[in-house]
Amino acid sequence: MTPDQHPYWRKLDFYERRFLQYLPIHGSEAACARAIGKDSHWLSNRKRKPGFRELIALRRAGGAGSIPGFDEEQRLYAQMTLDLLMEQDQDRKVRAMAARALKRC
């Protein structure tokens with residue numbers, strides 16, 4: 001079973017999904033939590049949830065492969081962020097960089 005097939009997967013919030021996606025990259029759970037902008041208190045609270053603990057174990061067993069559906073979600077979020085940058089930032093260089101990045105999405 002992959003993490004996205006687990007019944008608890010649909011109950012995860014944005015940061016919990018990010019944590020699971022980036023866990024193989026960062027190795028340690030604490031480093032991964034810091035990478036997504038969360039602290040050890042956040043991690044401790046999440047690990048109290050049995051479903052989340054199971055998903056961590058599944059993710060560790062599955063290696064660094066992609067989680068189906070996550071990449072598309074991440075691409076859409078990146079597009080939204082780049083669109084906002086192009087609309088709101090006054091710096092022409094930033095807007096041009098965002099437009100180039102958006103074309104690659």
- Among the lysines, select those whose C-alpha is under 30 Å from the C-alpha of Lys38, and discard any that sit fewer than 8 residues away in the same chain. Lys11, Lys47, Lys49
- Query: What is the percent of Cα-Cα separations in segment 3-65 that go past 21 Å?
  - Reply: 10
- Task: Find the relative contact order for segment 3-65 and round it to a whole percent, using C-alpha pairs within less than 8 Å whose residues are 6+ positions apart.
- Result: 38
- Message: Ranking request for peptides 24-34, 49-59: highest mean number of other beta-carbon atoms within 10 Å first, then the rest in descending order.
- Response: 49-59, 24-34
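Here, each number is a calculation from the coordinates, and none is a lab measurement. Computed from a predicted model, the values in this text were never measured in an experiment. Reconstructed Cβ throughout: ideal geometry from the backbone, glycine too, with neighbour counts over all protein chains shown.
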